[in-house]
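Remarks on the structure that follows.
Every read-out reported here was derived from the displayed coordinates using simple, explicitly stated rules and does not represent laboratory data. Quick caveat: nothing in here was measured; it's all calculated off a predicted structure. Here the Cβ is made from the backbone with ideal geometry for all residues, glycine too, and neighbour counts use every protein chain on show.
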Amino acid sequence: MTISSINQKKALSHIRICDFTGQLAGAGATRVLAAFGAEVIRIEDRLTEGSWDILRGQAPYVDDRVGNELGGAFNNHNIGKLGMSLNMRLPNAKEILTRLIKVSDVVTENFSAGVLDRWGFSYEEMKKIKPDIIYISNSGFGHSGPYSNFKTWGPIVQAVSGLTFQSGLPEMPPAGWGFSYMDHTGGYFMAIAILLAIYHKKITGEGQWVDMSCTDAGASLNGPVILDYTVNGRPLKREGSPNSNRSQHPIMSPHGIYKCQGEDNWIAISVRSDQEWHNLCSVMKNDEWLSNRSLDSKEGRVDSADQIDDVIESWTKGFNARELMDVLQAAGIPSAKVQTPPDRVDQDENTAAWELFPIAEHEEMGKVRVDGVPIKMSQTPPVIEKGAPLLGQHNKYVLEELLGYTSEEVKNFESEGVV
């Protein structure tokens, strides 16, 4: 059975992607497509052992072993892909890439702007190789505009997107988000862009170049604070704001995070309506609030948000967060325990029901839990079984079966350092 035949009868089994993406902003996009059957050929630098993606050999590790094939994040971001190594400094590598583009539907990358152009594979050159090729580039600031040559990384994108400034406690400096969520956003936008371009090609027969800015994708997460400024003229940083423990959008009260029993245990509670407010008062057995007419409306509760939060937290401190969540949910009040990774992975019953952290088999690491795909499809569900490829693991398949090189030619490529 060939690798291609394994992917048959999946939603994207007819799609082949020549993939130069790395980290999460790019690799996260092709990761999703691979789970739905796309043949994603992950190309890495043969000479520098995968340095295009610094996550390949970085922690976290599954055990005491450390090495270029053992990076946990790299494995998570590249499950289900095929691995090819290629030294683009050598002429034969460019000839190999030309052949691979000819048999691919999509070329994807998230290098800094202009890298493929410098290799001689601009979109115009790719069209000469395959006129209907789809080329997706997802750099930090895109290929146009005054920032197009700027270098970026997670915290930089977070700052430029306007997100870092939003996270913090009153009268404290910006806290940042602690993780590069813009990489996820960039990856999701990129996956959508690939699918839209594929659909356009199906209808018209035309390929195209899709130029993306990961930073501007991150800006889309600003949401209400941008509206508050443009419509109401109110800056985000003002007295009492931002307050990361209280959500201000949409306006409601209570609407925040509250301490529970134990060390660093919290619960989120949102009351959206007068009925939910009455339900909360009943659960708390707070007759004073029930009889206080000024708190019967959302506006009245927002005006008293500080006092309400103080009373709620003095109450929640006496409860186990998970048990209180169940009590509040049973009363029709939106609530959830603020979960730690162990909570979410090992203790939340919904995790298993949705297969959120399936096990993938990696050639070196063995069986490792990875991020799942929270999409259920009755006819073409996502499948996650294989971990990320080793460096150059599928060179023989790509070169011989897809591109038609002889085994002798492949041996020569290896001895010359091309692959």
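Overview of values
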read-out	value
Residue list for the stretch 223-255, given a label point 7 angstrom along the Cα-to-Cβ vector of Tyr147 and an amide N cut-off under 15 Å	223
The chain, helix-only ellipticity at 222 nm - DSSP H runs n ≥ 4, -39,500 (n - 2.57), divided by all residues, nearest 500	-10000 deg cm²/dmol
Sum of side-chain charges, Pro250 neighbourhood, beta-carbon under 11 Å (Lys, Arg +1; Asp, Glu -1)	+2
Beta bridges by DSSP in the chain, antiparallel share as percent, to the nearest 5	40
Spacing of the two label points (7 Å from each Cα toward its C-beta) at Leu227 and Ile54, in nm	3.8
Ranked list, fewest to most other Cβ atoms within 10 Å of each Cβ, for Met88, Met182	Met88, Met182
Per-residue Cβ neighbour rank within 10 angstrom, fewest leading, Asp287, Asp117	Asp287, Asp117
Gln379-Glu414 FRET efficiency (beta carbon distance; Förster radius 41 Å; 0.05 resolution)	0.45
Kyte-Doolittle mean at least -0.5 and Cα axial length at least 18 Å: DSSP H helices in the chain	181-204
Sequence of Glu416, Glu408 once ranked by neighbouring C-beta atoms within 10 Å, starting from the fewest	Glu408, Glu416
Förster radius 51 Å - calculated FRET efficiency between Glu206 and Arg293 (Cβ-Cβ, nearest 0.05)	0.20
Label-to-label distance, nm, for residues given as Asp63 and Glu95 (7 Å Cα→Cβ offset)	4.3
Full-stretch length increase - Asp132, Thr351 - with 0.36 nm per residue and alpha-carbon distance subtracted	74.7 nm
Kirkwood-Stokes translational diffusion coefficient of the chain, alpha-carbon pairs, 4 °C, 1.567 mPa s, µm²/s	53
Nitroxide proxy distance, nm - points 7 Å out along Cα→Cβ at His249 and Val103	4.8
Net +/- balance of residues flanking Asp228 in space, Cβ distance below 12 Å, scoring K and R +1, D and E -1	+3
The chain: most fluctuating residue of Val327, Val62, Val160 per GNM, C-alpha cutoff 10 Å	Val327
Amide H contacts under 5 Å for Lys386, placed H, 5+ residues apart	Gly80, Glu361
